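The values are calculated or read from the model by the stated rules, or taken from the named source; none is laboratory data. Please read these numbers as outputs of a predicted model, since none were measured by experiment. Reconstructed Cβ throughout: ideal geometry from the backbone, glycine too, with neighbour counts over all protein chains shown.
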Amino acid sequence: MNTILPLTELPKGNAKGLLGFPLNLDLEQIDAHIAILGVPYGLPYYPSEMANDQSRAPDILRQNAQDAAWDEPRTLHHFDWDLGGPLLNNKDIKIVDLGNVTADFRDPREHYNRAERVASKIFSSNITLISIGGDHGIPIPIMRAIPENKPVVLIQIDAHMDWRNEVNGEREGYSSPIKRASELKSVNSIFQIGLRGVGSGRQEEFEEAKAYGSNLISAYEVHDVGIHNILNRIPDGVNFYLTIDADGMDPTIMPAVNAPTPGGLNWVQIRELIHGIVKKGKVIGLDLVEISPSFEKGNTTLIHAERLICNFIGSAVRAGYYD
Ligand SMILES: [Mn+2]
């Protein structure tokens, strides 16, 4: 194990952070209200997954964000109709991009250890953490860093339950984040929204999730009753952690996923859900995972991903998180 490697490194191929926010690799000095962190690598189920397609997503999102395409970036200063004003609402809000968590290919688990150490620093400093995956194993070390004295309600947006105890002997891969979350003292309850189609879960994982008391909400229920009624089931005045698998959204808006599944959340629904949860309590962290750039169509997934992150930032600012 090489302890000399820094916890994070510069994104490849560009020197700018996401949405043009400054890069800050000195983790001893983070002067920010919100920190963005790339976490490229999960733990593989097969040798070929050591660096999977999803591991390219943090840098590709930074490079191909719609904002980066304009000569003069607009996202920070122009009027945003999703938010009713500029992104940061003319407040003095500091956002930094911490770069990507460094990998150690002699010890793949060290990537998770580093992600957990960065997340611990962020959570203990009351900075909001936005992590970009990588596959859905990424939130396992991040959620492990949530302090037990500040427990959260976990909200997962996903087509799949992700309750596998292990796959090919690996307990911390992309089929297991909610199973691992259910074992944490820092997770009080779980809402799983957007479930549909066929995934890695079997009847036994379904029974286990029910026995735990997880709130399993199918995408079809969301379409039937509307986001408003789903929000009414989620408690107010608590802390939240939000994990968003790109395949929770409908493949028409996020096609770049490994398991595209019909019937997912549309843009209007995911936007309303994010704004609604942010208003209910403090979202201490959000991750967006499972973007597989090889399957991208146009810039569709990346544009929705960027808008999703902007809606989260803008709603957090307007909910008074940093006042
Ligand atoms: Mn997932």
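Take the conditions assigned to a helix (DSSP H, G or I), modelled with pLDDT of 95 or more and of a type in the set (Lys, Arg) and apply them to Lys179. Does it pass? Show your work before the answer.
Numbers: assigned to a helix (DSSP H, G or I): yes; modelled with pLDDT of 95 or more: yes; of a type in the set (Lys, Arg): yes.
Yes, satisfied.
Inclusion of Ser294 among residues that are surrounded by fewer than 21 Cβ atoms within 10 Å (Cβ to Cβ) and of a type outside the set (Asp, Glu) is warranted.
Cβ-Cβ distances below 6 Å connect the following pairs, each with a first residue in the range 289-318 that is under 14 Å from Ile244 (Cβ atoms) and among the acidic types (Asp, Glu), a second residue that is within 16 Å of the ligand (Cβ to nearest atom) and in a helix (DSSP H, G or I), and a separation of six or more residues or different chains: Glu290/Gln54; Glu290/Ala246; Glu290/Asp247. Number of residues in the range 290-299 that are over 27 Å from Leu43 (Cβ atoms) and modelled with pLDDT of 95 or more: the value is 1.
Does Ala103 fit the bill of being over 30 Å from Glu272 (Cβ atoms), among the small types (Gly, Ala, Ser) and assigned to a loop (DSSP other than H, G, I, E, B)?
Details: over 30 Å from Glu272 (Cβ atoms): yes; among the small types (Gly, Ala, Ser): yes; assigned to a loop (DSSP other than H, G, I, E, B): yes.
Judged against the criteria, Ala103 is a match.
Got at least one residue in the range 110-126 being more than 15 Å from the chain's Cα centre (by Cα), of a type outside the set (Phe, Trp, Tyr), away from the ligand (no atom under 13 Å from the Cβ) and part of a strand (DSSP E or B)? No; the residues of the range 110-126 include none that is more than 15 Å from the chain's Cα centre (by Cα), of a type outside the set (Phe, Trp, Tyr), away from the ligand (no atom under 13 Å from the Cβ) and part of a strand (DSSP E or B). The residue that is nearest to Asp247 (Cα to Cα), counting only those in the range 127-142 that are more than 16 Å from the ligand (Cβ to nearest atom) and assigned to a strand (DSSP E or B), is Ile130.
Would you kindly identify the strands (runs of 3 or more DSSP E) lying entirely within the range 185-285 that contain at least 1 residues that are among the small types (Gly, Ala, Ser) and within 14 Å of the ligand (Cβ to nearest atom)? I'd like the intermediate steps shown before the answer.
Details: elements: 187-195, 215-218, 239-245.
Per the criteria, 187-195.
Note on the range 155-183: among residues that are more than 9 Å from the ligand (Cβ to nearest atom) and at positive phi, the one that is surrounded by the fewest Cβ atoms within 10 Å (Cβ to Cβ) is Gly169. Checking each residue in the range 286-323 for being within 16 Å of the ligand (Cβ to nearest atom) and in contact with a strand residue (DSSP E or B) (Cβ under 7 Å, 6 or more places away or on another chain) picks out Leu286, Asp287, Leu288, Val289, Glu290, Ala305, Leu308.
Quick one: what pairs do we get from the range 42-53, first residue at pLDDT 85 or above and crowded, with 17+ Cβ neighbours inside 10 Å, second of a type in the set (Lys, Arg) and outside any loop (DSSP other than H, G, I, E, B), C-beta under 7 Å, 6+ apart or different chains? So the pair list comes out as Leu43/Arg109.
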